1. In region 216-252, what residues are free of Cβ contacts under 8 Å to residues at least 12 places away in the same chain and either outside the structural domain of Gln182 (by TED's automatic domain parsing) or within 23 Å of Arg139 (Cα to Cα) (or both)?
2. When you scan region 219-236, how many residues do you find that are within 25 Å of Asp75 (Cα to Cα) and surrounded by fewer than 18 Cβ atoms within 10 Å (Cβ to Cβ)?
3. Of everything in region 1-45, what is within 22 Å of Asp134 (Cα to Cα) and part of a helix (DSSP H, G or I)? Give them in sequence order.
4. Quick test for you: out of Gly223, Gly190, pick the one residue that is of a type outside the set (Ser, Thr, Tyr), within 18 Å of Leu249 (Cα to Cα) and at pLDDT 95 or above.
5. Would you pick out the residues in region 89-125 that are in a loop (DSSP other than H, G, I, E, B) and within 18 Å of His159 (Cβ to Cβ)?
6. Please state which one of Glu85, Glu97, Glu73, Glu42 is over 30 Å from Arg211 (Cα atoms), loosely packed, with under 14 Cβ neighbours inside 10 Å and outside the structural domain of Arg174 (by TED's automatic domain parsing).
Amino acid sequence: MTVDQYAYTASSTSLDSRLPAWLLEGGREEGKKRLADPGVRERVHKEMKEALKRGGFKDYDFAVVASYRPNPEFDGKSIARITFETKQKRDVDSQIEQMLEMYAAGGAGMIYHGMNEQDVQTIMREPFTMIASDSGVLRMGEGVPHPRGYGNNARVLGHYVRELKIVALEDAIRKMTSLPAQTFRLTGRGLLREGYAADVVVFDDAQIADRATFEQPHQYAAGISYVIVNGQPVLAEGQMTDARPGAPLRGPGASVAAAVAAK
């Protein structure tokens, strides 16, 4: 068993994740067909309200849209707020209807505020916990994504190491570098050692900090002066270069998978 963690009290995944699993079976078109049945729609409302209660939530104010292509004006707003703006209603059933309409229109990327800060700190203290952003590839200025994609590691080094002293600087770096490399058996990576890939980040431990927020996520971290990938600077003196030396990393199971696929 392994553990990895990002340093925030909110998760980020799809709108669909809040809907009953049986509704999603067979894909979106099948789900839309089911929702045309009033009885099915009533069952969905009942199960979603039960899930809210189990989670300790009164409504969907904790669920914030990160990206909704049919209407980007929804980005950055909670389901509760969107429902009030579009339907002039605040009740949970209206919020569920809003979510079902968004699901039928193609779904949305979401941020869910529902974690506990004390849990974040407790998990981070464990020596076997790796640090990872869990972010997809972001485009500057597009949507209102989770800030973890811009600030996760800098947040750990600035807030949890320097300010809160939850973990030591050396251990935080180990959790970001050698521990993941060893866990995933990526040889020649994760350490400053002769013969290893020169993947290096140069930062000021007194200045490094995350700037990205949930309200304004498109902000790069402070205090990082150089990023070197495979021996080539991709960030030099705080500025991006034109170098693109990165490459996919394949673990030891890749050759086995390829052999199986070939058969």
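1. Gln216, Pro233, Leu235, Ala236, Gln239, Met240, Thr241, Asp242, Arg244, Pro248
2. 2
3. Once the filter is applied, which keeps residues that are within 22 Å of Asp134 (Cα to Cα) and part of a helix (DSSP H, G or I), region 1-45 yields Leu15, Asp16, Ser17, Arg18.
4. None of the others qualify; the one that does is Gly190.
5. Matches in region 89-125: Met115, Asn116.
6. Going through Glu85, Glu97, Glu73, Glu42 in turn, the sole match is Glu42.
The values are calculated or read from the model by the stated rules, or taken from the named source; none is laboratory data. None of these values were measured; they are calculated from a predicted model. For neighbour counting, all protein chains shown are included, and Cβ atoms are generated from backbone atoms with ideal geometry for every residue, glycine included.
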